[in-house]
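Everything below concerns the one structure shown next.
The values are calculated or read from the model by the stated rules, or taken from the named source; none is laboratory data. Bear in mind that the values here come from a model prediction, so they are computed numbers and not experimental data. With ideal geometry, Cβ positions are generated from the backbone for all residues, glycine too; neighbour counts draw on all protein chains shown. What goes into the accessible areas is simple: the full protein's heavy atoms, side chains included, and nothing from ligands, DNA or RNA. Shrake-Rupley method; radii C 1.70, N 1.55, O 1.52, S 1.80 Å.
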Amino acid sequence: MVTYQPSKTILNGVFTGRFGSSSIREVKAGICTFYNSNQKTLLAALNTVSTTSGSTVSLNINIQREETIQGLNYIDDCKLKFSYINDYNNPPFWVVIKTLMLNDLIILMYGLKKRTLDGILRDFNLKPYEKEKFINSLEIIRELRNSCAHFELVNRFRTSHNLKVNNHIISDLHLSPMRSQYVIKLFDVLKVLRMYIDLTEIKLFLHNFWNIENKYGNDDVTCALFERMGNSKINEWI
């Protein structure tokens, strides 16, 4: 289907070929909006086509950088962005999951069948009844990730006021929320992160920083900094 507008034209249909750096087998039910000033040759070709309602027309389209194909399902959209997805007509889940953001993965957890989620929990040495603890830990890690991704000062990090920390996480890791089950500092968040990865490198960095600052007589400032992050006692850090 073709929709003409004064400054742009909208194509609705099936798209195949090369888009940017990716060669795509087929993108179904796509919508391509292009600017008439950029696509004079294509526009002229469209105007010369004589069709009846419901007929099929094949055209070559050279999409410009500011032009995109929209209205795609998730898989088709991934074929535009990731060349390795295009190696499959119907990419398997283990390939598609690489394209998901952390927040997407957390949302996915809520929709998994119990058997599948139980298997994931076993991979992290957790029991089936620890589902809420697991998902909440991911939500906490997501907040730290987002803070780092936006170049915020990590020494000022706090979890958001509306993120409730699971009681089992608090008791098992001996966390110290600032109010009831809400708001934990970097010291406690690193305890959560340590559930899944080795933080030896971060521990060494913090201890080296502490020793260097104390060497130059900055004891009070260093203690205040670590207290702000959750604990002024360096030997208790991860």
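Here are some notes:
- Candidates ILE238, ILE202, filtered to the one that is outside any helix (DSSP H, G or I) and touching a residue at least 24 places away in the same chain (Cβ under 8 Å): ILE238
- Residues of segment 179-195 that are open to solvent by 80 Å² or more (accessible area, probe 1.4 Å) and either among the acidic types (Asp, Glu) or at positive phi (or both): SER180 alone.
- Evaluating PHE157 against the criteria (1) without any contact (Cβ under 8 Å) to a residue 40 or more places away in the chain; (2) in contact with a Cys (Cβ under 9 Å, 6 or more places away or on another chain); (3) under 23 Å from MET101 (Cα atoms) leaves one unmet condition, (1).
- Being in a loop (DSSP other than H, G, I, E, B), farther than 30 Å from LEU46 by Cα, modelled with pLDDT under 90 and not charged (D, E, K, R) holds for only one residue in ASN60, ASN90, and it is ASN90.
- Scanning segment 134-169 for residues that are assigned to a loop (DSSP other than H, G, I, E, B) and hydrophobic (A, V, I, L, M, F, W, C), we see that the one that is farthest from LYS114 (Cα to Cα) is LEU153.
- Counting the residues of segment 30-50 that are at pLDDT 75 or above, in a loop (DSSP other than H, G, I, E, B) and either loosely packed, with under 14 Cβ neighbours inside 10 Å or in contact with a Phe, Trp or Tyr (Cβ under 8 Å, 6 or more places away or on another chain) (or both) gives 1.
- Comparison of SER137, SER160, SER176, SER171 shows that the only residue that is at pLDDT 95 or above, among the small types (Gly, Ala, Ser) and open to solvent by 70 Å² or more (accessible area, probe 1.4 Å) is SER176.
- Scope segment 196-235; condition open to solvent by less than 60 Å² (accessible area, probe 1.4 Å) and within 23 Å of ILE140 (Cα to Cα); matching residues: TYR196, LEU199, LEU206, LEU225, PHE226, MET229, GLY230, ASN231, SER232, ILE234
- Scan of segment 115-133 for residues that are within 20 Å of ASN166 (Cα to Cα), without any contact (Cβ under 8 Å) to a residue 24 or more places away in the chain and assigned to a helix (DSSP H, G or I), ordered by number: LEU117, ASP118, ILE120, LEU121, ARG122, PRO128, TYR129, LYS131
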